[in-house]
Amino acid sequence: MLRYDSSYVGSTGKVIIGQNGTRSPVYSITAVSVKGGVTTYATVTIQGNNMIFTPLYTDAATSIWAVRGGKVPLAVPICGFDGKHCPFNFMETYWGYVAAAGALILAALIALIAGVIYMIRERTREEERQNSMWHIPFTRLVSPDDVSLFA
């Protein structure tokens, strides 16, 4: 006679036989561990309409998600499930405006530097002109007469 409502360990893990002789599924949640081996982190047993979750870990961050640096994956991907909700990237969207603004700023900076150089050059030329006004050319110099000097 078959014995119902029993369990035993088979080649695929624990096998549970229900009251009516059917096998109750036991699902194992496995993943690759940090060391590279396959590790079982939890089991889910279904008995009739009941589900029993049995965690086989103490801290999910140091066990299940250790291969991801302890970070749990997002419930919804960054770009959404359809890839159309990616976050706004300013440089990709407005690179033309940024380049134009950069060119204008560069042109203004060049114009400012050129203006400063021009002003310095003109100031130097004006100073030279002012200095040349009181100089007497050598050809215009004459010896003074003794008479005209004391007369």
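Bear in mind that the values in this text are calculations on the coordinates, not laboratory data. On a predicted model such as this, the values are computed, not experimentally measured, just so you know. Here the Cβ is made from the backbone with ideal geometry for all residues, glycine too, and neighbour counts use every protein chain on show.
Key figures
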quantity: Sorted by Cβ neighbour density within 10 Å, fewest at the top, the residues Ser24, Ser11, Ser33; calculated: Ser11, Ser33, Ser24
quantity: Cα Rg over Rh - the chain, Kirkwood; calculated: 1.77
quantity: Principal axis dimensions, the stretch 84-137 - Cα atoms, whole angstrom, descending; calculated: 83, 12, 7
quantity: Dipole axis of the chain (+1 Lys, Arg; -1 Asp, Glu on Cβ), positive-most option in Ala111, Phe81, Trp95; calculated: Phe81
quantity: Over the stretch 6-73: Kirkwood hydrodynamic radius from C-alpha pairwise inverse distances, Å; calculated: 13.5
quantity: Helical mean residue ellipticity (222 nm; -39500 (n - 2.57) per DSSP H run of 4+; nearest 500) of the chain; calculated: -10500 deg cm²/dmol
quantity: Order of Ile46, Ile113 - criterion: other Cβ atoms within 10 Å of each residue's Cβ, fewest first; calculated: Ile113, Ile46
quantity: Tail fraction, Cα-Cα pairs, the stretch 45-109, threshold 18 Å, whole percent; calculated: 70
quantity: Signed unit charges on C-beta, dipole axis of the chain, positive-most listed residue Thr39, Ile17, Trp65; calculated: Ile17
